[in-house]
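Have a look at the structure below, then the notes.
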Amino acid sequence: MGLEHRGVTIWLTGLSGAGKSTITEALERKLRACGCKLEVLDGDIVRTNLTKGLGFSKEDRDENIRRIGFVSHLLTRNGVIVLVSAISPYRAIREEVRGRIGDFIEVYVSAPLEVCEKRDVKGLYKRARSGEIKNFTGIDDPYEPPLDPEVNCETHQETLDESVGKVIAKMEEMGYLPAQTAIAAS
């Protein structure tokens, strides 16, 4: 029998290289180990399956986020914890998705641009700075940070365990997980 919990979308937003996928993977391990019903929607994986064919214009990025939000809503209302890891650079579309889903925790995964560039294993920032990639968030396309996220993970100043602990503590505080489940310590 898994841990009793409520459905919620945990939406991790931030620049490429900020640590969204790393935090998501650690959260997934901890929550699955406790038997939570869980799905992960990673922006890169979604783009190759659910939203293939969309580009990187503002309209296409918004549509990408709407589609991720639609799937998240369906899962959340059926008692699933949904971990979304997506840059989702525009504040208005994140707010639209929040409104549709309702049970929503926004996690701003932040690190300075220069730190994100140093972490860039795919070389995307270098390609964007050379002009090879156009409309790259943080270089020639804007990123609008959340104004009031439920959780702020500053990955350049805290450990992975601290970031994950913040998210789990917020899930407990908001009633999505039973309080004092000891998930954070596992």
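The values are calculated or read from the model by the stated rules, or taken from the named source; none is laboratory data. Please read all numbers here as calculations on a predicted model, not as lab measurements. Here the Cβ is made from the backbone with ideal geometry for all residues, glycine too, and neighbour counts use every protein chain on show.
Working only within the range 112-125, note down all residues that are of a type in the set (Asp, Glu) and assigned to a helix (DSSP H, G or I). Of everything in the range 112-125, those that are of a type in the set (Asp, Glu) and assigned to a helix (DSSP H, G or I) turn out to be Glu114, Glu117.
The set of residues in the range 94-143 that are surrounded by 12 or more Cβ atoms within 10 Å (Cβ to Cβ), polar (S, T, N, Q) and either in contact with a Cys (Cβ under 8 Å, 6 or more places away or on another chain) or over 27 Å from His73 (Cα atoms) (or both) comprises Ser110, Asn135. How many of the residues making up the range 117-155 are under 26 Å from Met171 (Cβ atoms) and among the hydrophobic types (A, V, I, L, M, F, W, C)? Final tally of qualifying residues: 3.
For the range 69-79, the count of residues that are within 12 Å of Ile101 (Cβ to Cβ) and in contact with a Leu (Cβ under 7 Å, 6 or more places away or on another chain) is nonzero. One residue alone among Ile10, Ile65 is at pLDDT 95 or above and touching a helix residue (DSSP H, G or I) at 6+ places or on another chain (Cβ under 7 Å), and that residue is Ile10. The requirement of being assigned to a helix (DSSP H, G or I) and under 19 Å from Phe136 (Cα atoms) is not satisfied by Arg100.
On the basis of being part of a strand (DSSP E or B) and within 18 Å of the chain's Cα centre (by Cα), does Val109 make the cut? Taking the combined requirement at face value, the residue satisfies it. Consider the range 30-49 and keep the residues that are part of a helix (DSSP H, G or I) and either among the hydrophobic types (A, V, I, L, M, F, W, C) or touching a helix residue (DSSP H, G or I) at 6+ places or on another chain (Cβ under 9 Å) (or both). The one that is modelled with the lowest pLDDT is Arg47.
Taken together, the residues in the range 71-85 that are surrounded by 23 or more Cβ atoms within 10 Å (Cβ to Cβ), out of contact with any Lys or Arg (no Cβ under 7 Å at 6 or more places or on another chain) and not in a helix (DSSP H, G or I) amount to 3.
Whenever a residue of the range 80-104 is closer than 15 Å to Glu59 by Cβ, its partners that are part of a helix (DSSP H, G or I), lying with C-beta atoms within less than 6 angstrom and at least six residues away or across chains, give the pairs Ser88/Ile65; Ser88/Arg94; Ile93/Asp62; Ile93/Ile65.
Contact map, the range 153-181: residues that are without any contact (Cβ under 8 Å) to a residue 24 or more places away in the chain paired with residues that are of a type in the set (D, E, K, R) and assigned to a helix (DSSP H, G or I), Cβ distance under 9 Å, separation 6+ or inter-chain. Pairs shown: Glu158/Lys166; Ala179/Glu172; Ala179/Glu173; Gln180/Glu172. When residues in the range 3-24 are screened for being outside any helix (DSSP H, G or I) and of a type in the set (Ser, Thr, Tyr), 3 of them pass. Taking the range 126-159 as the range and being acidic (Asp, Glu) and either assigned to a strand (DSSP E or B) or over 19 Å from the mean Cα position of the chain (by Cα) (or both) as the test, the residues that pass are Glu132, Asp140, Asp141, Glu154.
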